[in-house]
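Report on the structure given below.
Just so it is clear, none of the values below were taken in a lab; they were calculated from the coordinates. Just so we're clear, the structure is a prediction, and the values are computed from it rather than from any experiment. Note that each Cβ is placed from the backbone with ideal geometry, even for glycine, and that neighbours are counted across all protein chains shown.
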Amino acid sequence: MSIAVIIVAGGRGTRVGSPLPKQLIEVGGQTMLRRSVLACDAHPALAELVVVLPAELLADGAALVGPTSHPCRLVAGGMRRQDSVRAGFEVLSAEVSLVLVHDAARPFVRAEVFDRVIEAARRVGAAVPGVPVTDTVKRTRGAGSARAVVETVSRDGLWLAQTPQGFTRDVLARALAAGAGMTEATDEARLVEQAGGQVAMVEGDSGNVKLTTSEDIAQARRVATAAAIRVGTGYDLHQLVAKRPLVLAGVAVPCELGPLGHSDGDVVCHALTDALLGAAGQGDIGRHFSNTDPRWKDAPGLDLLSRALSLVREHGWTVVNVDVTVVLERPKLAPHVPAIRAALAAALDLSIDAVSVKGKTNEGVDAVGRGEAIASHAVVLLMGERS
Ligand code: MG
């Protein structure tokens, strides 16, 4: 038994006030359509995908839908929703016995919802995910300033239907045949209901929202962006000894002492490298640039920082800003801060205002305060296109 999903992306977006069809609006770096396709493609139970597009987008369909790991067919939609679903249904492989229908405008659907729909559709023949109505529901009449409440409707048994909706192949075939002669149905379950068939209601997900209005999309973008922010911290300390140069972000700072270490002891770069790796969930400086590896003996800190930046970028992240504190008893850091900031801005490809460097002393307390060591703290903010 094979399961297919028909992704309905036939809308022309007139309700969101955008010249683009709604499904092609980007939310957190990916179009709604692409997000929905990826959500379906990632589910292990789904063997094939069909995407129903407006006829005028079909020529660019492959680029709009993007690569998938499962077979994916593209078809042109029809006038009404049931016509679009029918067009998708007609190109399903013969071995498909269970069909899900999903709205491209619900890009945040989660695997558990698919699981529940598939289980119930197998058992009952048709299944819909939904959430119970929690707001008080009023029926009104009139419009504008004349709109008035007629009654409060009982919420008892009221659910808001979502997608994916699931059907055995023959149940959906009969429903679509019945739907051919009907007015537009806003979902497929209604076609089954009207034909007297049973439809199970399973638990949906309040996050599985349908992005219909420009407010929905603005809210979804906030959610997607928040999900794509990472923060990391780093710390480094080196003992200060005679006859070693003091280098901070590649900038030579005149000092009678310098850091002892396998590398150049550039505490600014080392703390920042750890913060970058930490924010991206990629371990730490010791894992990537071990102090027992001869390759990193006397390695410039800026070099390690650049390598960490490349790694973080390979994982889909962009640095937003960095903030560094250097704790050093003497000399005073202030005269060198502009050069250190400029060096970091260049190394990280950031504007100068996204790079902060602050110097502090340790007030004569502990090893750093006695001038026996130098320490640095760093915080990094990353932004990516994940959710
Ligand atoms: Mg170090």
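A few points about this structure:
- In sequence order, region 89-97 has phi-based couplings of 4, 5, 9, 5, 5, 4, 7, 6, 10 Hz under the Karplus curve 6.51 cos²θ - 1.76 cosθ + 1.60, θ = phi - 60°, and Gly or Pro positions carry x.
- Ranking Gly196, Thr168, Ala146 by Cα position along the charge dipole of region 134-212, where only Lys, Arg, Asp and Glu carry charges on their C-beta atoms, puts Ala146 farthest toward the positive end.
- Its Cα gyration tensor gives region 259-333 an equivalent ellipsoid. The semi-axes, each the square root of 5 times an eigenvalue, are 21, 17, 9 Å from largest down.
- Most tightly packed first, judged by the mean number of other beta-carbon atoms within 10 Å of their residues, the peptides 137-144, 50-57, 71-78, 238-245 read 50-57, 71-78, 238-245, 137-144.
- Our note on the geometry: Cα centres of region 221-236 and region 137-174, 38 Å apart.
- Thr233/Thr212 FRET efficiency (R0 30 Å; Cβ-Cβ; nearest 0.05): 0.15
- With Cα atoms, 0 to 90° folded angle of helix 169-179 axis to the chain main axis: 60 degrees
- Reachable lysines, given that their alpha-carbon falls under 27 Å from the alpha-carbon of Lys243 and they are not under 8 places away in the same chain: Lys297, Lys332, Lys358, Lys360
- Amide proton proximity set for Asp264, modelled H, under 5 Å, gap of 5+: Asp298, Ala299, Gly301
- Nearest-20 debye value, region 2-226 charge dipole, Cβ charges on Lys, Arg, Asp, Glu: 540 debye
- Candidate aspartates and glutamates for bridging to Lys210, where Cα separation is under 18 Å - those fewer than 8 sequence places away on the same chain excluded: Glu26, Asp103, Glu112, Asp135, Asp187, Glu188
- DSSP bridge pairs, region 2-226: antiparallel proportion in percent, nearest 5: 40 percent
- Under 5 Å, built H, 5+ apart or other chain: amide partners of Trp159: Val133
- Calculated translational diffusion coefficient of region 27-124 (20 °C, 1.002 mPa s; Stokes-Einstein with Kirkwood radius over alpha-carbon pairs) equals 152 µm²/s.
- Each residue of region 53-66 was assigned a 3J(HN,Hα) from its phi angle through the Karplus curve 6.51 cos²θ - 1.76 cosθ + 1.60 (θ = phi - 60°); the sequence is 10, x, 3, 6, 9, 4, 4, 9, x, 4, 5, 5, 6, x Hz, with glycine and proline shown as x.
- Contact order relative to length of the chain, as percent, for alpha carbon pairs under 8 angstrom and 6 or more apart: 14 percent
- Bridges between two residues of region 271-387, per DSSP, are antiparallel at a rate of about 60%.
- Charge dipole (debye, nearest 20) of region 310-368; +1 at Cβ of Lys and Arg, -1 at Cβ of Asp and Glu: 160 debye
- Simple Cβ-charge dipole of the chain, Lys/Arg +1 and Asp/Glu -1, about Cα centre, in debye nearest 20: 780 debye
- Working note: 222 nm ellipticity from helices only, DSSP H runs with n ≥ 4, each -39,500 (n - 2.57), summed and divided by the residues of the chain, gives -8500 deg cm²/dmol to the nearest 500.
- Share antiparallel - DSSP beta bridges, the chain, percent rounded to 5: 60 percent
- FRET efficiency for Gln194 and Arg155, using Cβ-Cβ distance with R0 set to 22 Å, rounded to 0.05: 0.40
- FRET efficiency, 1/(1 + (r/R0)^6) with R0 22 Å, evaluated for Asp284 and Asp353 via beta carbons: 0.20
- For region 2-226, the Kirkwood hydrodynamic radius from C-alpha pairs, put into Stokes-Einstein at 10 °C and a viscosity of 1.306 mPa s, yields a diffusion coefficient of 88 µm² per second.
- Normalised by the number of residues in region 229-384, the mean separation of alpha-carbon contacts (under 8 Å, six or more apart) gives a relative contact order of 33 percent.
- Rg ratio (alpha-carbon, reference 2.2 N^0.38 Å) - the chain: 1.38
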